[in-house]
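Remarks on the structure that follows.
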Amino acid sequence: MSKNQEYIQQYAEYAMEQMRRYGIPASVTLAQGICESASGQSELSRKGNNHFGIKATSSWIENGGKYLVYTDDRPNEKFCQYANVGDSYEHHSQFLKRNGRYAELFQLSPDDYKGWTNGLQDAGFASSKQYAATLQNIIEKNGLQKYHLIIPVKPHQMMFPCRILKKRNIPSR
């Protein structure tokens, strides 16, 4: 079994739970986790359970959040440290949901992984100009699309074409 497959097997439930709670495609969350944590093998993920490369802000530190010092884009940057991987997944979802630069992503369908990955790149989640392509490649090579297809979607997240609504005599808005 490859490292990616091991990662998926171990953390797919975390990603699906975040999709249920926040509407973030499970496929995208898993792909980001694989990419950002080197399939759970990076120093940040091993020492700090940080699977998404989320940096520690001053408010994180002031509120008692633990952090690791790590050299990434710049020397000695502070990254959030979590008690467990579930906390990392939860913080990642909250980070996206509460940060205005990602607001447009939540208007997309939860099964639009290409829209989400392009949006993450455009909003500056990572410094790589190939970030969206990298995530899409991880999703497609590992068949991660199936994870956002098996999650029941909340009614307000469903999208119906207007022609279907009219055929059923349901008023469109």
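The values are calculated or read from the model by the stated rules, or taken from the named source; none is laboratory data. Note that the coordinates shown come from a computational prediction; the quantities given were computed from them, not determined experimentally. All Cβ positions, glycine included, derive from the backbone under ideal geometry; neighbour counts span all protein chains shown.
Worth pointing out:
- Which listed residue is within 9 Å of the chain's Cα centre (by Cα) and over 12 Å from Tyr147 (Cβ atoms), from Gln10, Gln32: Gln32
- Any helices (runs of 4 or more DSSP H) falling wholly within the stretch 109-173 and containing at least 2 residues that are at pLDDT 95 or above and either more than 27 Å from Lys55 (Cβ to Cβ) or among the aliphatic types (A, V, I, L, M) (or both): 113-123, 131-141
- Near pairs, Cβ below 9 angstrom, 6+ apart or cross-chain, from the stretch 67-87 (of a type in the set (Lys, Arg)) to any residue that is surrounded by 12 or more Cβ atoms within 10 Å (Cβ to Cβ): Lys78/Lys55; Lys78/Ala56; Lys78/Thr57; Lys78/Trp60; Lys78/Ile61; Lys78/Tyr67; Lys78/Leu68; Lys78/Tyr70
- Check on Leu105, touching a Gly at 6+ places or on another chain (Cβ under 6 Å), crowded, with 18+ Cβ neighbours inside 10 Å and assigned to a helix (DSSP H, G or I): yes
- Any pair with Cβ under 9 angstrom, 6 or more apart, that starts in the stretch 13-36 at a residue that is farther than 18 Å from Lys141 by Cα and ends at one that is surrounded by fewer than 21 Cβ atoms within 10 Å (Cβ to Cβ) and of a type in the set (Phe, Trp, Tyr): Tyr22/Phe106; Gly23/Phe106; Ile24/Phe106
- Positions within the stretch 1-24 being among the aliphatic types (A, V, I, L, M) and loosely packed, with under 13 Cβ neighbours inside 10 Å, in sequence order: Met1
- Any hit, the stretch 97-114, residues being within 27 Å of Glu6 (Cα to Cα) and among the hydrophobic types (A, V, I, L, M, F, W, C): no
- Selection count, the stretch 20-47, where residues are among the hydroxyl-bearing types (Ser, Thr, Tyr) and farther than 19 Å from Asp73 by Cβ: 4
- Among (1) surrounded by 14 or more Cβ atoms within 10 Å (Cβ to Cβ); (2) in a loop (DSSP other than H, G, I, E, B) - the single one Tyr89 does not satisfy: (2)
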